[in-house]
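Step one of this worksheet: look at the structure below.
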Amino acid sequence: MRTTFAIALVWLASQLGATQAKYSLSISGQSVGTGTLTYTKLSNGDYRLVVDLSLAIQGNSLRLQDEEVVDKSARPISSSVVQEAGGHKVERKIAFGPKALVRTDSVDGNAPQKKTVAYPKGKSIAQPSDLWFVTNKPAVGAVSMETQYDSESGSWQNHKNVFVGPTTITIGNKKVKANLIQDKNLADGRLVRDWRDQHGIPFRMELPIPNGILQLDRVMN
């Protein structure tokens, strides 16, 4: 699955090693937490994104850790999510094989449950837009129709990703030039907006959640 918090799998394709970007989290202008995104290009050419978010919403605390690995064509290889909230811990791991994925779920350390899910017939599971501005620069208006696995619903969902174009946004007190990419879930209409720099690292992301829109703003040095 490409989770809600992990739709921006990006890093500099020309560089080995890792870098970490820090983010402030807010809903309707109110601070709700902090997070980090650590990007790595692995020695075998794969890409890894590790997301670590800590939130407090209406007195409820949530910790989310998500690790995603894709190959150089943006085809997913593995996904690992750990969510801690309300005294409970949910862990989910997904391995993407040649013809199907295998997901393993466990709650509070209980015996894991495994399930095999076949890939949708006639469709690629690669997510090319994840690597826009990382390995290539799309033309304004470029569209990528992608099929993503949503582990919450256990279903494959179609998404339309569009490079809207360059724009200027304000992060803190600083104006920056960014590239706006929109990811629309064609099943329910949810829209994720992602403003990336020229190397593909997000300046800002807007993510739909039940409470509204969760905004991640990069902490600028």
Matching residues, the stretch 153-176, being under 30 Å from Val102 (Cα atoms) and at pLDDT 95 or above: Trp156, Gln157, Asn158, His159, Lys160, Asn161, Val162
Among the residues of the stretch 168-185, write down those that are of a type outside the set (A, V, I, L, M), over 28 Å from Thr104 (Cα atoms) and part of a strand (DSSP E or B). Thr168, Thr170, Lys174, Lys175, Lys177, Asn179, Gln182
Kindly check whether there is at least one residue in the stretch 102-124 that is farther than 25 Å from Pro166 by Cα, in contact (Cβ under 8 Å) with a residue 24 or more places away in the chain and in contact with a helix residue (DSSP H, G or I) (Cβ under 9 Å, 6 or more places away or on another chain). no
Is the stretch 146-155 home to any residue that is among the aromatic types (Phe, Trp, Tyr), over 30 Å from Glu91 (Cα atoms) and crowded, with 18+ Cβ neighbours inside 10 Å? no
Qualifying residues in the stretch 132-152 (those that are under 22 Å from Tyr47 (Cα atoms) and of a type in the set (Asp, Glu)) - the one modelled with the lowest pLDDT: Asp150
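Quick check on Glu68: is it among the acidic types (Asp, Glu) and in contact with a helix residue (DSSP H, G or I) (Cβ under 6 Å, 6 or more places away or on another chain)?
So Glu68 fits the description; yes.
Identify all residues within the stretch 131-167 that are under 20 Å from Ile209 (Cβ atoms) and either assigned to a loop (DSSP other than H, G, I, E, B) or charged (D, E, K, R) (or both); write none if there are none. Please lay out each step first, then the result.
At the first step, the residues of the stretch 131-167 found to be under 20 Å from Ile209 (Cβ atoms) are 148-155, 157, 159, 161.
Residues satisfying the conditions are Asp150, Ser151, Glu152, Ser153, Gly154.
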Look at Lys114 and say whether it is in a loop (DSSP other than H, G, I, E, B), surrounded by fewer than 16 Cβ atoms within 10 Å (Cβ to Cβ) and in contact with a Ser or Thr (Cβ under 9 Å, 6 or more places away or on another chain). no
Of all residues in the stretch 126-148, how many are among the aromatic types (Phe, Trp, Tyr) and out of contact with any strand residue (DSSP E or B) (no Cβ under 6 Å at 6 or more places or on another chain)? 1
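Let's see how each residue does on (1) surrounded by fewer than 17 Cβ atoms within 10 Å (Cβ to Cβ); (2) under 20 Å from the mean Cα position of the chain (by Cα); (3) not acidic (Asp, Glu):
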| site | (1), (2), (3) |
| --- | --- |
| Leu49 | no, yes, yes |
| Ser61 | yes, no, yes |
| Glu67 | no, yes, no |
| Ala74 | no, yes, yes |
| Ile94 | no, yes, yes |
| Gly97 | yes, no, yes |
| Leu131 | no, yes, yes |
Restrict the check to the stretch 186-203 and report whether at least one residue is without any contact (Cβ under 8 Å) to a residue 12 or more places away in the chain, surrounded by fewer than 16 Cβ atoms within 10 Å (Cβ to Cβ) and not in a loop (DSSP other than H, G, I, E, B). no
Quick one: is Ala56 of a type outside the set (Val, Ile, Thr), under 17 Å from Glu152 (Cβ atoms), modelled with pLDDT under 95 and out of contact with any helix residue (DSSP H, G or I) (no Cβ under 8 Å at 6 or more places or on another chain)? no
Failed item, numbered, when Ala85 is tested on (1) without any contact (Cβ under 8 Å) to a residue 40 or more places away in the chain; (2) surrounded by 15 or more Cβ atoms within 10 Å (Cβ to Cβ); (3) among the hydrophobic types (A, V, I, L, M, F, W, C): (2)
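The values are calculated or read from the model by the stated rules, or taken from the named source; none is laboratory data. Only a predicted model underlies this, so the values are computations on that prediction, with no experimental measurement involved. A quick note on method: Cβ atoms are made from the backbone with ideal geometry, for glycine too, and the neighbour counts reach across all protein chains shown.
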